[in-house]
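Chemist: Would you mind keeping the following structure in view while I ask a few things?
The values are calculated or read from the model by the stated rules, or taken from the named source; none is laboratory data. Note that the structure is predicted; figures quoted are calculated from it, not measured. Side chains are part of the model used for accessible areas, which takes the heavy atoms of the whole protein and leaves out ligands, DNA and RNA. Shrake-Rupley method; radii C 1.70, N 1.55, O 1.52, S 1.80 Å.
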Amino acid sequence: MSARMTGAELETFLRREFPQMYRGTSIAIEHADGRTCRIRESYHEGMLRPGGTVSGPTLMALADVAMYVVLLSAIGPVGLAVTTNLSINFLSKAPAEHDLIAEAKLLKLGKRLAVGEVGLYSAAAPDL
């Protein structure tokens, strides 16, 4: 499957359709090819929870955005594509002061439902 939207087209679409979420300054699409994507969220203090680690809601939001990006890269600009289920396993804490990286891949793409998975990483370490 080839990409229906490039990274630049995805960023333009997200800025226009979701300005409240996608400001283009903290999240960058590094790669999207219709099957996989890689996005990066630049570190900022708003990510942190007490204790100085990245918060769960920050990680969940990044995973959701990554899945949306890989899906749109596969199907094109469908603003009303929505998440029906999101499950997350926290394997280790994400340290402060480092960018976050999300790598998403589509496992199955049907006419009405897509299934994918997202790995979240700190730019400081290669471990999930």
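Chemist: Quick check: residue separation of A124 and R4 times 0.36 nm, minus the Cα distance between them. What number comes out in nm? The partial results should precede the final answer.
Modeler: Working: separation 120, 0.36 × 120 = 43.20 nm, distance 3.19 nm.
Here the answer is 40.0 nm.
Chemist: Taking the 0 to 90 degree range and rounding to the nearest ten, how far is the long axis of helix 56-75 tilted relative to the main principal axis of the chain, both from C-alpha atoms?
Modeler: Once rounded, one gets 20 degrees.
Chemist: Also, I was wondering about something else. Which of A104, A94, A114 ends up with the largest GNM mean-square fluctuation for the chain, with Cα atoms connected below 10 Å?
Modeler: Fluctuation is largest for A114.
Chemist: Search the structure for amide H atoms under 5 Å from the amide H of H31, placed 1.01 Å from N in the peptide plane, and list their residues when 5 or more places away or on another chain.
Modeler: The answer is R38.
Chemist: Given 37 °C and 0.692 mPa s, how large is the Stokes-Einstein diffusion coefficient of the chain in µm²/s, with Rh as the Kirkwood radius over Cα pairs? List each step's numbers first, then the result.
Modeler: On the way: Rh = 14.8 Å.
My calculation gives 221 µm²/s for D.
Chemist: Under the rule of at least 5 residues apart or a separate chain, name every residue whose amide H is placed under 5 Å from the amide H of A96.
Modeler: V54
Chemist: For segment 35-128, report the accessible area per residue in Å² (1.4 Å probe, heavy atoms, rounded to an integer).
Modeler: Numbers: 5620 Å² over 94 residues.
Per-residue accessible area for segment 35-128 comes out at 60 Å².
Chemist: At a 1.4 Å probe, what is the % contribution of carbon and sulfur to the accessible area of segment 1-121? The partial results should precede the final answer.
Modeler: Values: 3770 of 7240 Å².
Heavy-atom surface of segment 1-121 belonging to carbon and sulfur, 1.4 Å probe: 52 percent.
Chemist: So for segment 82-128, Kirkwood radius off the Cα pairs, Stokes-Einstein at 4 °C and 1.567 mPa s: how many µm² s⁻¹?
Modeler: Values: Rh = 12.4 Å.
Value of D from the Cα-based Kirkwood radius: 104 µm²/s.
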